[in-house]
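Participant: Here it is, the structure, as structure tokens.
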2 protein chains.
Amino acid sequence: MSQSIAFLGPKATFTDLAVSRLFPDDTKIAMSTIPECLDAVSEGQTDLAVVPIENALEGSVNITLDYLVHEVDLPIRGEIITPIQQHIMVHPDNDSPAFLPETIYSHSHAIAQCHKFLHKELSGIRCENTTSTAAAAKIVKENPERKIAAIANEMAAQEYGLQITKHNIHDFSHNHTKFVVLSKSEVQYKNTTAVPQGYKTTLMVMLPADHSGALHQVLSAFAWRKLNLSKIESRPMKTGLGNYIFIIDLEMKMDDVLVPGAISELEALGCKVSLLGSYPSFMVEEAADQAEVSLKTR
Amino acid sequence: MSQSIAFLGPKATFTDLAVSRLFPDDTKIAMSTIPECLDAVSEGQTDLAVVPIENALEGSVNITLDYLVHEVDLPIRGEIITPIQQHIMVHPDNDSPAFLPETIYSHSHAIAQCHKFLHKELSGIRCENTTSTAAAAKIVKENPERKIAAIANEMAAQEYGLQITKHNIHDFSHNHTKFVVLSKSEVQYKNTTAVPQGYKTTLMVMLPADHSGALHQVLSAFAWRKLNLSKIESRPMKTGLGNYIFIIDLEMKMDDVLVPGAISELEALGCKVSLLGSYPSFMVEEAADQAEVSLKTR
């Protein structure tokens with residue numbers, strides 16, 4: 001049965017790209033903010049939601065975390081990590097070596113991510129901010145008579161019928177965005193084209209008091225059990241429950257002995273521990289462009 | 001002597017607000033991306049740069065961190081933490097109880113931050129995304145004949161002569177953004193209206209290998225010296241230098257004994273440690289609106 005998925009839109013954003021890889025056969029519903037996505041799944045309008053949680057281009061991590069912590073009771077059912085690959089694209093009518101854009105449209109973060117390229121290759125060309133990379137592609141599509149280009153992803157080029165004139169113009173090649181899949185019930189990963197990367201378990205730990213020793217004790221509970229942490233992040237809490245909250249990702253599936261043992265030990269230390277989810281992790285492989293095929297795939 | 005400051009613009013963003021509190025007498029120069037701000041100070045066009053580094057509304061943390069780690073050699077000379085307070089505002093011509101906007105303009109993150117308020121109080125009203133909260137205020141200023149409102153900060157209301165019809169409509173009252181002050185030379189904090197919060201020292205630690213025990217050892221070096229960590233954040237490194245990088249904030253000024261001792265111990269464990277800065281921390285106090293004055297200030 002097809003699942004309905006609320007995602008951070010509009011069409012052809014990086015979130016859309018991640019959803020399309022993970023759930024190729026399901027029904028996507030674009031929402032304009034992260035809380036709208038979370039409300040949709042929380043109130044039963046959709047089966048699941050996919051929103052950015054780390055290094056987000058079109059969303060904000062903290063909005064997602066704050067909602068997960070304070071607002072909704074939705075387990076994490078999966079994560080997908082997508083490389084952020086930015087390309088420069090023009091209307092097909094303007095696809096000639098002589099065409100030089102006067103203005104480049106994109107989201108401010110995308111422009112910032114391609115700063116060195118723009119500085120070196122297209123110095124002096126005006127950049128205009130748009131609300132998403134997909135919105136930039138749409139402007140280029142609708143204005144073939146104007147000397148403009150967009151910075152956006154491959155999906156936006158396809159969606160709006162644009163021609164990519166230069167692939168992979170982003171400055172740092174290791175830039176990724178992590179998205180989480182949230183649902184009240186079990187999620188079906190059918191025909192996914194993303195690559196499985198094993199399992200993760202995410203815990204939220206509130207320390208009883210703000211001192212360095214407490215965090216050290218928390219980590220001891222994992223270290224002596226040889227539980228590998230793939231991420232730890234502190235967030236300030238201003239709600240009186242404690243000074244800091246830690247989001248900890250373990251590189252394993254929830255088990256019957258080790259993780260419950262660590263949780264009990266943390267609770268005995270006075271911490272409040274919540275399980276945000278235990279779930280499969282997926283990765284979207286980087287698309288090699290023509291120029292790089294020989295280096296990367298042979 | 002007046003200092004020149006590159007900041008993430010446009011005028012009346014939350015970055016502008018932070019800079020105006022911290023450096024009321026200095027010269028502000030608005031830039032449109034974080035890398036532009038960092039290049040400006042790095043290449044000597046301005047004396048300093050102020051950019052968001054955590055929980056950013058108009059910028060992305062990771063862009064700032066990646067630039068600090070990989071690109072520029074600029075010490076952190078200060079930080080300022082600003083509460084994110086969102087207000088709804090209209091053109092003064094439309095400031096009547098009978099006025100009901102048909103469309104509300106703001107940055108998508110601001111709309112997301114006010115999601116519950118909008119859902120409850122202004123349900124069904126269309127929201128349109130803009131590239132910044134300040135840009136939304138500008139649209140409202142320029143279109144008095146239209147039935148529109150903006151969500152933005154107090155500074156934007158002043159800058160564009162708008163009337164705030166409802167203060168503090170953001171859902172979570174503990175939402176803050178942290179900005180860092182970067183400069184090659186000493187920074188003068190003259191006539192600042194922000195409140196000093198003591199000193200911090202920020203270290204970047206690269207672990208030799210990716211295992212939970214390594215992080216535990218790193219924290220031991222601080223814990224047994226009773227050095228208090230106010231923040232720890234892991235970031236994946238994809239450059240071959242190690243799997244993870246940790247950004248650690250200590251709640252103290254760099255000293256001659258304890259911090260250098262911890263650094264030496266970390267280096268002996270095979271870590272690569274960089275001092276990103278040791279600097280004063282400032283806080284902008286929350287502005288109380290009329291309704292809240294009696295509760296908060298008396």
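Laboratory data are not the source of any read-out in this text; all were calculated from the coordinates shown. The model shown is predicted, which means the values in this text are computed figures rather than measured ones. With ideal geometry, Cβ positions are generated from the backbone for all residues, glycine too; neighbour counts draw on all protein chains shown.
Participant: Angle, helix B:212-223 long axis vs. longest principal axis of chain B, Cα atoms, 0 to 90°, nearest 10?
Facilitator: Here the helix axis deviates by roughly 90 degrees.
Participant: Can you tell me the alpha carbon radius of gyration of the stretch B:87-174 divided by the globular rule-of-thumb value 2.2 N^0.38 Å? Mind showing how you got there, number by number?
Facilitator: Values: Rg = 11.5 Å, N = 88, 2.2 N^0.38 = 12.1 Å.
For the stretch B:87-174, the normalised Cα radius of gyration comes out at 0.95.
Participant: Just to check I understand the Karplus step: with θ = phi - 60° and J = 6.51 cos²θ - 1.76 cosθ + 1.60, what whole-Hz values come out for the stretch A:98-107, glycine and proline as x?
Facilitator: Couplings: 7, 6, 10, x, 8, 9, 10, 9, 5, 5 Hz.
Participant: Between B:Cys114 and residues 5 or more places away or on another chain, which pairs have amide H atoms under 5 Å apart, with H built 1.01 Å from N, and which residues are they?
Facilitator: HN-HN under 5 Å from B:Cys114: B:Asp171.
Participant: May I pose another question? May I ask you to report, in nm to one decimal and beginning with the shortest, the distances from B:Tyr189 to the same position in the other copies, taking label points 7 Å along Cα-to-Cβ?
Facilitator: Once sorted, the set of distances for B:Tyr189 reads 4.8 nm.
Participant: Which of the aspartates and glutamates could a cross-linker bridge to A:Lys141, judged by Cα under 18 Å and excluding same-chain residues fewer than eight apart?
Facilitator: A:Asp93, A:Asp95, A:Glu102, A:Glu128, A:Glu154, A:Glu159
Participant: I need the inter-copy label distances for B:Leu269: point set 7 Å along Cα to C-beta, values in nm with one decimal, smallest first.
Facilitator: Ordered by distance, the counterparts are at 1.5 nm.
Participant: Once every Cα of the stretch B:122-171 carries one equal point scatterer and solvent is ignored, give the base-10 log of I(q)/I(0) from the Debye formula at q = 0.15, 0.26, 0.28, 0.30 Å⁻¹, two decimals.
Facilitator: -0.38, -1.16, -1.30, -1.40
Participant: Cut-off under 15 Å on the C-alpha distance; same-chain residues fewer than 8 positions from A:Lys272 excluded. Which aspartates and glutamates are left, in chain and number order?
Facilitator: Within the straight-line limit of under 15 Å, A:Lys272 reaches these aspartates and glutamates: A:Asp210.
Participant: Same structure again: Measuring nothing but label to label, 7 Å from Cα along Cα→Cβ, what are B:Arg225's distances to the other copies in nm, shortest first?
Facilitator: For B:Arg225, the other copies' label points sit at 3.1 nm, shortest first.
Participant: Let me ask another. What number, rounded to the nearest 500 deg cm²/dmol, is the helix-based mean residue ellipticity at 222 nm of chain B, given -39500 (n - 2.57) per DSSP H run of at least four residues and division by all its residues? All intermediate terms of the calculation are to be shown ahead of the outcome.
Facilitator: Values: 10 runs with 88 residues, N = 298.
Per the formula, -8500 deg cm²/dmol.
Participant: Same structure again: What are the ³J(HN,Hα) couplings of the stretch B:74-79, residue after residue, when phi is run through the Karplus curve with 6.51, -1.76, 1.60 and θ = phi - 60°? Round to Hz, x for glycine and proline.
Facilitator: 10, x, 6, 10, x, 9
Participant: Given R₀ = 51 Å, what would the calculated FRET efficiency be for B:Asp95 paired with B:Lys226, taking r from the Cβ atoms and rounding to 0.05? Numbers along the way, then the final one.
Facilitator: On the way: r = 55 Å, r/R0 = 1.09.
Plugging the Cβ-Cβ distance into 1/(1 + (r/R0)^6) gives 0.40.
Participant: Related question: Structure shown: which of A:Lys178/B:Lys178; B:Lys116/B:Lys166; B:Lys28/B:Lys184; A:Lys178/B:Lys200; A:Lys120/A:Lys147 lie over 24 Å apart, alpha-carbon to alpha-carbon?
Facilitator: On the way: A:Lys178/B:Lys178 22 Å; B:Lys116/B:Lys166 14 Å; B:Lys28/B:Lys184 17 Å; A:Lys178/B:Lys200 30 Å; A:Lys120/A:Lys147 20 Å.
Pairs exceeding the cut-off: A:Lys178/B:Lys200.
Participant: Which Cα, out of B:Ala152, B:Leu203, B:Asn94, lies furthest along the positive dipole direction of the protein assembly as shown (beta carbon charges, K/R +1, D/E -1)?
Facilitator: Value: B:Leu203.
Participant: Let me ask something else about it. Tell me which of B:Gly9, A:Ser274, A:Ala223 sits at the most positive position along the dipole axis of the protein assembly as shown, charges placed on C-beta atoms (Lys, Arg +1; Asp, Glu -1).
Facilitator: A:Ala223
Participant: How would you rank B:Phe246, B:Phe222, going from fewest to most other Cβ atoms within 10 Å of each one's own Cβ? Walk me through the intermediate numbers first.
Facilitator: Details: B:Phe246 20, B:Phe222 24.
Fewest to most other Cβ atoms nearby, the residues stand as B:Phe246, B:Phe222.
Participant: Using Cα-Cα distances under 8 Å and only pairs 6 or more residues apart, what relative contact order does chain A have, in percent? Numbers along the way, then the final one.
Facilitator: Values: 631 pairs, mean separation 67.2, N = 298.
Rounded, it is 23 percent for chain A.
Participant: Still on this model: Give the angle, between 0 and 90 degrees and rounded to the nearest 10, that separates the Cα long axis of helix A:133-142 from the longest principal axis of the Cα atoms of chain A.
Facilitator: The helix A:133-142 is inclined about 20 degrees to chain A.
Participant: Then there's this: Compute, for the stretch A:87-174, the length of the dipole vector about the Cα centre, with Cβ point charges of +1 (Lys, Arg) and -1 (Asp, Glu) only. Units Debye, rounded to 20.
Facilitator: On the way: 8 positive and 10 negative charges, 42 e Å.
About 200 debye.
Participant: Just to verify a number: FRET efficiency for A:Val72 and B:Ser123, C-beta to C-beta distance, R0 = 22 Å, to 0.05? If you can, show how the numbers build up before the last one.
Facilitator: Details: r = 19 Å, r/R0 = 0.86.
It comes to 0.70.
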